[in-house]
Amino acid sequence: MPTFDHNAFLARLAEPGNQPHAAFEALKDLVVEQVGAKLFTVTTVEMGTMHSERLYSNMPDAYPVYGLKPYEENDWTDVVLRDKRTFVANTIGDIAKVFFDSELIQSLGCESCINVPLVVDGRVIGTLNCLHDAGYYTPDRIAAAEALKLAGTVCVLFNSTLKAEEAAHV
């Protein structure tokens, strides 16, 4: 498993301007390098409305930033939201069981996914979502993705801080 360069990530996070996009780009680069992902998104989890809000997408035409995605009670919500564990689906059939947009996912050349929960104060605040070829997410790649939880959590919380600051100035 590649080594996570904390200093390089923190340097990109500290860069002024174009934030939080630059922070999410740094996170995406880590994920692509350490785990691998054709499609990578970061979402928040809105338990009250049963939606996820997309904060970052490396394919914004297909999955736009700030797009809402509803979710329903299924195996995904049991694993990610209730049990706070990483969800893995290594076939498009398994993806179709839990995601209504499986045809779009497949059209983008993706047939496997992992969704890594970001947990703060016992609550899932977001997820790192990686999608790739069928069968791509091996135990080593899953472990590499889980090793990026801290970086993902920093980006989601940073985004929340910036949104709160913007709201205070309105």
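The values are calculated or read from the model by the stated rules, or taken from the named source; none is laboratory data. Predicted model only: the values in this text are computed from it and were never measured. So basically every Cβ, Gly included, is an ideal-geometry build from the backbone, and we count neighbours across all protein chains shown.
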Problem set entry | Residues of region 36-62 satisfying the condition of being of a type outside the set (Asp, Glu), under 13 Å from the mean Cα position of the chain (by Cα) and either within 21 Å of Val124 (Cα to Cα) or not in a loop (DSSP other than H, G, I, E, B) (or both) | Leu39, Phe40, Thr41, Val42, Thr43, Thr44, Val45, Ser52, Arg54, Leu55, Tyr56, Ser57
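Take Ser52 and decide whether it is in contact with a Pro (Cβ under 7 Å, 6 or more places away or on another chain), crowded, with 20+ Cβ neighbours inside 10 Å and among the hydroxyl-bearing types (Ser, Thr, Tyr).
When the stated conditions are applied, Ser52 does not pass them.
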Problem set entry | Contacts under 8 angstrom Cβ, first residue in region 117-139 being acidic (Asp, Glu), partner surrounded by 16 or more Cβ atoms within 10 Å (Cβ to Cβ), 6 or more apart | Asp133/Lys38; Asp133/Cys110; Asp133/Glu111; Asp133/Ser112
Exercise. Among (1) surrounded by 15 or more Cβ atoms within 10 Å (Cβ to Cβ); (2) part of a loop (DSSP other than H, G, I, E, B), which single condition is Glu72 missing?
Worked result: (1)
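Within region 90-170, considering only helices (runs of 4 or more DSSP H) that don't extend past its boundaries, which have at least 3 residues that are in contact with a Gly (Cβ under 6 Å, 6 or more places away or on another chain), at pLDDT 95 or above and more than 20 Å from Lys69 (Cα to Cα)? Break it down into steps so the answer makes sense when it comes.
Numbers: elements: 92-98, 102-107, 139-146, 149-168.
Here the list is empty.
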